[in-house]
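Below is one structure, written out as C-alpha cells, with a few remarks after it.
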Amino acid sequence: MTRYLEEIEYGDAEVQKMLGMLESHHLLENTIVIYTSDNGMPFAGAKATLYQYGVQVPLAIRLPESYAGKSGKTNELASLIDIAPTVLELAKVPALDGSMGQSLLPLLTTRSDRGWDPREFVLIGFERHAANARPDSSTYPMRGLISDDWLYIRNYKPERWPQGSPDTFRDTFMVHLQTYKGENIEPYYTSLLSKRPERELYRWGDPPGVMHNKAADDNMTDIATALDSQLESALRVAHDPGLEARDYFRRYQVKSGEHTEEDELP
C-alpha cells in the first residue's frame, strides 16, 4: 500500500509538470484537461471487480478560464461514457446517435446549451481480466448498477471462480502464506477470491471495505428484486448481447504475450 501511495503521488506530480509545461508555452488557457483512470486499485476486491474499490475512479476536468468553469466537486452520478459527449459538445460537434452518455458540461460551466439530466443509476459491467485466468479461457460475466443508495451486482456464472481458477491464477499465492505477521489471512482469501452468489447488494454509502452482502437478508429481498429488474431493463435498452448469450464475449480473441486463444461459441 505504501508503494501504491508513492505511485499515486508520482502520478500527481507528473500531471503538475504537464500543466506547468502547458502554461510555460501559453497553452494552458487553450487546453481542456481530463484526468481519470481505467480501473481501481490493483488489489483483491478492487481491480477486476464491480465493487466500489474497482469501479469508482477519479475524474477531474479543467476548463480554460474563458469557459467560466465551476470549481469544486459534484455528487452527480457520472460515467466514463460521458467523456465523449462532453468533448463533442466542447468542440461544437453534434452528439453521437444512440449514445447513452451525456455531456458533463452543465456540471462544469454555466456556458452549456443544455441542462444536466440527473441519473437514477449508472451501469457497470465486466467480462474478463486475464487470458490465463481459467484453463478454458472462459469469461466471468457480471453486470451491475450504482444508484445514490445501492450497488447491485448480478453474477451470471456464479459456478465459476471470479478471480480465476485457484490452480492457474497468480493471485492465489496468498493462500500459501497461511499467516502474515501472525494473523491468519485465510478468511480474507476466502471472502475476496472465492466463488460469489448470483446476486450481491451493498449500500453505496457504507465504507468501501464493508462487504456484507445484503441480498441474502430477508428484509432486502424486495429491494434486490427491484434493482435486478431495473438492471435487466437497462441492459435491454443498451442492447447488451450478453443478455442472450452469457458467454457471448468469449468468442473474441484474447492475446497474452505471444500466445493467442480464440474460443467460439457453439
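Values in this text are rule-based calculations from the coordinates and carry no lab data. Keep in mind that what you see is a predicted model, and the values were worked out from it rather than measured. FYI the Cβ positions are ideal-geometry reconstructions off the backbone, even for glycines, and counts take in every protein chain you see.
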Leu22 neighbourhood, Cβ < 11 Å, K/R = +1, D/E = -1, net charge 0
Gain on full stretching of the segment that runs from Met1 to Val93 - 0.36 nm per residue minus C-alpha separation | 28.9 nm
Pairwise label distance in nanometres, Ile223 with Asn184, each label 7 Å out on the Cα-Cβ vector = 3.1
Provide the packing ranking of 80-93, 3-16, i.e. peptides ordered by the mean count of other C-beta atoms within 10 Å per residue, highest first.
-> 80-93, 3-16
Once you have a ≥ b ≥ c as the square roots of the Cα gyration tensor eigenvalues for region 2-108, tell me rounded if a/c is under 1.5, and otherwise prolate or oblate according to whether a/b is larger than b/c.
-> oblate
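Among the listed pairs Lys70/Lys214; Lys47/Lys157; Lys47/Lys92; Lys157/Lys214; Lys47/Lys70; Lys157/Lys181, which have their C-alpha atoms separated by more than 29 angstrom in this model?
In this structure, Lys70/Lys214; Lys47/Lys92; Lys47/Lys70; Lys157/Lys181 exceed 29 Å between Cα atoms.
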Figure the gain on full extension for Glu127 and Lys47 (residue separation times 0.36 nm, minus the Cα-Cα span) and round it to one decimal in nm.
-> 27.5 nm
Volume of the Cα convex hull of the chain, divided per residue and given in Å³ | 184
Calculate, in nm to one decimal, what Lys73 and Tyr252 gain on full extension: separation in residues at 0.36 nm each, minus their alpha carbon distance.
-> 60.5 nm
